[in-house]
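Notes follow once the structure below has been shown.
The values are calculated or read from the model by the stated rules, or taken from the named source; none is laboratory data. Since the structure is predicted, the reported quantities are computational estimates derived from the model, not experimental observations. Cβ placement follows ideal geometry from the backbone for every residue including glycine, while neighbour counts extend to all protein chains displayed. Ligands, DNA and RNA are stripped out before the accessible areas are found, and what is left, the full protein with its side chains, is counted by its heavy atoms. Shrake-Rupley method; radii C 1.70, N 1.55, O 1.52, S 1.80 Å.
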Amino acid sequence: MNKEDIIASVSKQMPERRWIHTQGVMVTSRYLAEKYGEDPERAELAAIIHDVAKYWPVEEQRQYIVKHQLNCELLDYNKELWHAEIGSHVAWAQYGIEDQGIRDAIRYHTSGRAGMSLIEKIVWLADYIEPGRDFPGVEEARRLAEQSLDTAILYGLNATITILIERNRIIYPGTVTARNSLILTI
Ligand code: DGI
Ligand code: FE
Ligand code: FE
Ligand code: FE
């Protein structure tokens, strides 16, 4: 499927405000790709698709993961993690994206993972700091993004993990190993 058709398909599966968020992630992914030496077209394509399944009904998300034998471990963790795994499969099965790097950038855009690739880091961070985001700390994350992808992502993971702890919510182990891996490399 070409980019325009993918955009049409993705945008009709989400409310207007989520499509505006996606456009912000597209612009920021392109910006970070140019800054840090990734192909802007690949980064933008991952951004276009990253939240495609975010507004699917939760039960549909669960069934999709089971039916297509995706990472069922995620079903034992917070449901906010599921749409990323599904989006990566949809990219391949419905949009014909063969590029594994693009698919993994979608797949790990929420949880992160240890040893993230450049495009995975770019999409994770663009999702966190796109211009429409407005939460305490986003300005600091944007400032850090100008200096180092790793430092900015570590800041974001720390904030995310802190919020999950404050709310007594379960933390996906992949998010913890993502954080550990950044600490060891910075
Ligand atoms: O889909 P978006 O809202 O654009 O952003 P996202 O896919 O990065 O989702 C982030 C949300 O997921 C964030 O508010 C925290 C929540 N979440 C729940 N459990 C976990 C988690 N995030 C991570 N990284 N790890 C978790 O275990
Ligand atoms: Fe998401
Ligand atoms: Fe994210
Ligand atoms: Fe997003």
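Remarks
- Exposure ranking of Arg143, Arg103 by accessible area [1.4 Å probe, largest first]: Arg143, Arg103
- Ranked order, Asp150, Asp39 - accessible area, probe 1.4 Å, largest first: Asp39, Asp150
- Peptides 51-62, 5-16, 21-32 ranked from most to least packed, by the mean per-residue count of other Cβ atoms within 10 Å: 21-32, 51-62, 5-16.
- Normalising by residue count, the chain has a Cα convex hull of 112 Å³ per residue.
- Accessible surface calculations at 1.4 Å, restricted to protein heavy atoms, place the chain at 49 Å² per residue.
- Mean Cα-pair separation over length for the chain, i.e. relative contact order, pairs under 8 Å, 6 or more apart, %: 21 percent
- By a 1.4 Å probe calculation restricted to protein chains, Arg42 has an accessible surface near 60 Å², given to the nearest 10.
- Rounded, prolate or oblate (a/c below 1.5 giving rounded, otherwise prolate when a/b exceeds b/c) for the range 103-171 by Cα gyration tensor: oblate
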